[in-house]
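What follows draws every value from the coordinates through simple rules; no lab data is involved. Here the structure is a predicted model, which means the values were calculated and not measured. In this analysis, Cβ positions are derived from the backbone assuming ideal geometry, glycine residues included, and neighbour counts consider all displayed protein chains.
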Amino acid sequence: MGKASGFMEYTRAENPYRDEGERLKDFSFLHTQLPRDMRRTQAARCMDCGVPFCQSDFGCPLYNLIPEWNDLLYRGQEKEALTRLMMTAPFPEFTGRVCPALCEKACNLEENGVTNRDNELYLIETGFARGWIRPRVPPERTGKKVAVVGSGPSGLAAADMLNQLGHFVTVLERADRPGGLLMYGIPCMKLPKEILERRIRLMEQEGIVFRLSTPASPEITETYDAVLMCCGARRPRTLPVRHMDAQGVYFAVDYLTEVTRGVLSGDAAQVTARGRHVVVVGGGDTGNDCVGTALRQGCRSVTQLEMMPESPLSRPDGNPWPQWPRILRTDYGQQEAIYLHGSDPRVYETTVDAIHTDQENRICAVDTVKVKKAESGKLLPVEGSLRTLPCDLLLIAAGFTGCEEETITPFSLSADSRGRLMPEDGGYCLGNKLFSAGDMRTGQSLVVKALRDGRNAAREVHSFLMR
């Protein structure tokens, strides 16, 4: 696949970031695209591997045929490469932007792996630009009606497959715009919303109906032949401190949602970091998104607290290739903080111990404390490490604990100990025509894994309907 000696002849080159000083002025996409000839050169770096780990369980949850479409791209057969990509990838324009590219770290070239994510993005955007992406209207319909509840990654993937299998599909979304996590959980600079809206319009042309501002109720089981619940794992993990109800304390997704609403409407966001001291609790992707968003809003300072120790610069023992490398990474938001303020915003092995408020219940400061892991595995505070930080805006990005009770209780469903709607057999069927998929079934995970779970659930729903 590709050019046998390409990995030795051509240097790895990712799509470059826009300059920090430029991109901090807007919410436009973070990257620029490499030209066509360089994209083909990057595809040439893909080797003819005997065992391509990039499309294994370690590399790609969708099992994309990566060496095959890299070879076609290198040879200039871009339309054929796109066709091969879309055999397994429902929305390459999403994964080409937000996937962490597990495949690249599982590559036989290891840390110097092929730029599969950028190649994927190039192929799908070329397909849209050249008119290769057209509505795929099923030639026949089964007459069966399916409701997909939730329009996040798993919901869209399931709706797409069920529609292609010939069923009548209606997507119910309680928000005012479709997309779920893709619309309101991921900032515009990582996933431009016009890209998401372009896909939604295409799905509508293919026959899928989207009903917005429409929460699901148990009565839909009487109207539809099957109901697939794809409602995510949106119950946020909170902090065990007082004054969580203070003005200026927000969960990360609520903050990111309000900022995205403001960007899309052109109005000022209801929640702003402008002129404020911002503290972000959580060192993951969502915490980084909060840092980048607060900087764009003009925050006065930003500090990101991470309870875990700083990751090593190289793979630790017990984390061999082709596993995802658990090493230190500095993402775009942290890079921008360093550019603006001259220092990394991250503070490790630290959490919030107390929230201080003024007489009007507005947050004004937080106490932070160092933590260390005891032999029992529990994190304990370090004596004498208490520190007070000014804080006008506290953003909690500490992850999620499962699906929301108010969503599943009306259906007489109950989550397991991990907050999941996971059937006992590990499948997708909950009984009474009900199915679950995505983060609601598996717990909080990656977009690409939610896409896979949605497609797998769609196959099970299809089998149920055909029986």
What ranking do 144-153, 279-288, 100-109 get when scored by the average of other Cβ atoms within 10 Å per residue, highest first? 144-153, 279-288, 100-109
For Glu14 and Glu204, compute 0.36 nm times the residue count separating them, minus their Cα-Cα distance, and round to one decimal in nm. 65.1 nm
Pairwise centroid distance, computed over Cα atoms, of region 236-264 with region 337-395, Å: 16 Å
Could you give the radius of gyration (one decimal) and Dmax (whole number) of the Cα atoms in region 249-396, in Å? 16.6, 54
Region 166-199 scanned against label point 7 Å out from Arg329 along Cα→C-beta; backbone N under 19 Å for 182, 185-192
If region 6-129 were replaced by its equivalent ellipsoid, with semi-axes equal to the square roots of 5 times the Cα gyration tensor eigenvalues, what would those be, largest first, whole Å? 22, 16, 15
In nm, to one decimal, how far is the modelled label at Met38 from the one at Phe128, with both set 7 Å along Cα→Cβ? 2.1 nm
Counting pairs of alpha carbon atoms under 8 Å apart in space and at least six apart in sequence, what relative contact order in percent does the chain give? 16 percent
Would you mind ranking Arg45, Arg261, Arg12, Arg39 by Cβ crowding within 10 Å, fewest neighbours first? Arg12, Arg261, Arg39, Arg45
What ranking of Ser301, Ser154, Ser5, Ser56 emerges when the number of other C-beta atoms within 10 Å of each C-beta is taken as an exposure proxy, fewest first? Ser5, Ser56, Ser301, Ser154
What does region 194-245 give for Rg and for Dmax, in Å, if only its C-alpha atoms count? 17.4, 50
If you take every DSSP beta bridge whose two residues both sit in the chain, what share of them, in percent to the nearest 5, is antiparallel? 35 percent
Can you list the chymotrypsin sites (Phe, Trp or Tyr not before Pro) in region 93-194 that are in a DSSP coil and have 15 or fewer other beta carbons within 10 angstrom? Trp132
